[in-house]
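Structure, as structure tokens:
The values are calculated or read from the model by the stated rules, or taken from the named source; none is laboratory data. All figures in this text were calculated on a predicted structure; none of them were measured in a lab. So basically every Cβ, Gly included, is an ideal-geometry build from the backbone, and we count neighbours across all protein chains shown. The accessibility values were calculated without ligands, DNA or RNA, using every heavy atom of the protein model including side chains. Shrake-Rupley method; radii C 1.70, N 1.55, O 1.52, S 1.80 Å.
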Amino acid sequence: MQRIRVLVVDDHRIFAESLAAALAVEQDVEVAAAGSGPAALRSLERATADGRRFDVLLIDADLGGAPAEAGRTPPPPDPATVEAPAASGGIALVSRVRADHPEVRTVVLAEGDDPRRAAAALQAGASGWVAKDCSLSRLLQVVRGVPRGETHLSPALLTGVLRELTAARRHRTESERLVESLTPREHEVLRCMVAGLGRKAVAERLYLSPHTVRTHMQNVLGKLGVHSTLAAVALARKAGVGPADLEHVTS
């Protein structure tokens, strides 16, 4: 019998340990617990190194703290992710796990139904959004199902989540259309803006004068219909525009 290895990630220690103990009663489930995002990432790394990777992470939606390893900068948010809710610790950890351990399935455990945050979790890579007060049999169904590629949402959430995903896709499509109106050089400038470069650094990177870069930046803002670099970067990320490669660039 192949066992499913589960990691419960919750900074409420009593809840995490109680849930782990309840799941561990099942013969086909092996469970461990982590109290933070960084601790969960360390557990994943150790398990991978030992050849005993986890299959499923159960992550508290309101997990505190940022899921970043010491000395490592977290990746930028997924451009397709719904805006504000995606910043929460649990959903940010889902995104990191998807990037670093794509073979591991993640499920978000939440206090209640929230279509917008659930949609953000799915777009970050989660395989489900499940209430913390669901029955043990329901949670076991999820734990056994997501490694087979299943996605789990309550029926009450489904309509709201589909509405949020549709709206997010519509906004991204509009952003993509605006970005496509840029010239190749303006697109290069936009990628430098996404990378956080100022006008002088962009000029050095693209071998242009600061005045020319200023003109390109103004054109980018005008074509995107925004009034600030911050707004341009936010729109670019929605459209899937990544930062310029800064490996050999200094600002």
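Shown are Met217, Met193, whose ranking by accessible area with a 1.4 Å probe and every protein chain present, most to least, is Met217, Met193.
For the chain, what is the mean residue ellipticity at 222 nm derived from helices alone (per DSSP H run of n ≥ 4: -39500 (n - 2.57); sum divided by total residues; nearest 500 deg cm²/dmol)?
Rounded to the nearest 500, it is -16000 deg cm²/dmol.
Working from Cα pairs under 8 Å separated by at least six residues, relative contact order for the chain is 15 percent. Rounded to the nearest 10 degrees, the angle from helix 155-180 to the longest Cα principal axis of the chain is 20 degrees. For Arg46, neighbours were defined as the other residues whose beta-carbon sits under 11 Å from its Cβ, and their charges (Lys and Arg +1, Asp and Glu -1) total +1. Helix 184-194 axis versus longest C-alpha principal axis of the chain: approximately 50°, rounded to the nearest ten. Please give every one of the lysines within straight-line cross-link reach of Lys223, meaning a C-alpha to C-alpha distance under 25 Å, and leave out same-chain neighbours fewer than 8 residues apart. Hits, sequence-local ones excluded: Lys200, Lys238. For the set Asp114, Asp50, the ranking by accessible area, highest first and with no ligand, DNA or RNA atoms included, is Asp50, Asp114 under a 1.4 Å probe.
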